[in-house]
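Each reported figure results from applying straightforward, stated rules to the coordinates on display, with no laboratory input. All values reported here derive from a predicted model rather than from experimental measurement. Ideal geometry is used to build each Cβ from the backbone, glycine not excepted, and the neighbour counts take in all protein chains shown.
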Amino acid sequence: MKFIVCVKLTPDTEQLADVRPQDIGADDLGVTMVLNPWDEFAVEEALQLVERFDGEAAVVTLGSEEATEALKRAVAMGIEEAVLLSDPAFAGSDAWGTAHILAQAIKKLGDYTLVLTGKQSVDGNSGLVGPGVAARLGVPFVSGVAKVLDVTEESATVLRELDEGMQTVKVKLPAVISVSKEINEPRYPNFVGIRKASRMQYPPIGAKGVPGLDMGKIGEGAALLKWTNLRKPPARTGKCEFIQGASVAEQAAHLADKLIAEKVI
């Protein structure tokens, strides 16, 4: 079994309180960049699944070479394989474009059992990439997974957290799941893991190294095109008519006649 985790490099939330309003939108907020905290739960779960079901795990991230810091954290925790997707053509991709790139890269990694993601990222907070990857791969998606009960060759049984309570879901494999923070407690990397992560090489894979990539669906140009293709709905028109009558009963009768004439009733 192979478990793949999609991760992202995000600002350290403990330092975001020091960011001033005029800094928002700048390329450098002056804060430390770390593995997205929500993704740590996905990395930990992948490691536990490897231990439980005798599999292997890989981590994938999209970004500049700085994004290797996210990969290093995952490797230090125990992940064996790390993939950095980095190319100027990827810059500016929206959630849908990012999902397309990740999905094609996952296909390149070969047969997989589960793709795991965090609930969302602490910067974008949209939670769209996970379901987007599932849609691009053409596989089922389950959100809010609080526990993985069992994994077989054909299916996975998970416990899903809803506002109304817990729901047990059996999903056909392969599939994509996003995990909640209730699923586990991420481990701290040990010295051996940190040393391994620092010595490991993370060669970037560009657009040419991702088979089946549709260049028209990625990058800033594709994201802007979606916005420019938006159209305002036609303006709503209507008129207001006051029902006249000497009494309430007469007004009601007139109203009923008009509704019948307009075939509303």
Would you pull out the residues with amide H under 5 Å of Ala82's amide H, same chain only if 5 or more places away, H placed 1.01 Å from N? Val59
Considering only Ile194, Gly219, Asn125, whose Cα is most displaced toward the positive end of the charge dipole of segment 2-228, charges sitting on Cβ of Lys, Arg (+1) and Asp, Glu (-1)? Gly219
Among Leu255, Tyr112, Val75, whose Cα sits farthest toward the positive end of the charge dipole of the chain (+1 at Cβ of Lys/Arg, -1 at Cβ of Asp/Glu, about the Cα centre)? Leu255
With +1 on the Cβ of every Lys and Arg and -1 on the Cβ of every Asp and Glu, the dipole magnitude of segment 2-228 about its Cα centre, in debye rounded to the nearest 20, is 540
Listed highest first by mean packing, meaning other Cβ atoms within 10 Å per residue, what order do 34-43, 115-124 come in? 34-43, 115-124
Scoring the chain by relative contact order with C-alpha pairs under 8 Å, at least six apart, yields a percentage of 22
Can you spot the lysines whose alpha carbon is less than 23 Å from Lys181's alpha carbon? Ignore those fewer than 8 places along the same chain. Lys2, Lys8, Lys72, Lys119, Lys147, Lys170
Length-normalised contact order of segment 107-236 in % [C-alpha pairs under 8 Å, at least 6 apart]: 23
Calculating Cα extents along the principal axes in Å from this structure picks out, from (i) 90, 45, 41; (ii) 99, 44, 33; (iii) 54, 40, 35, entry (i)
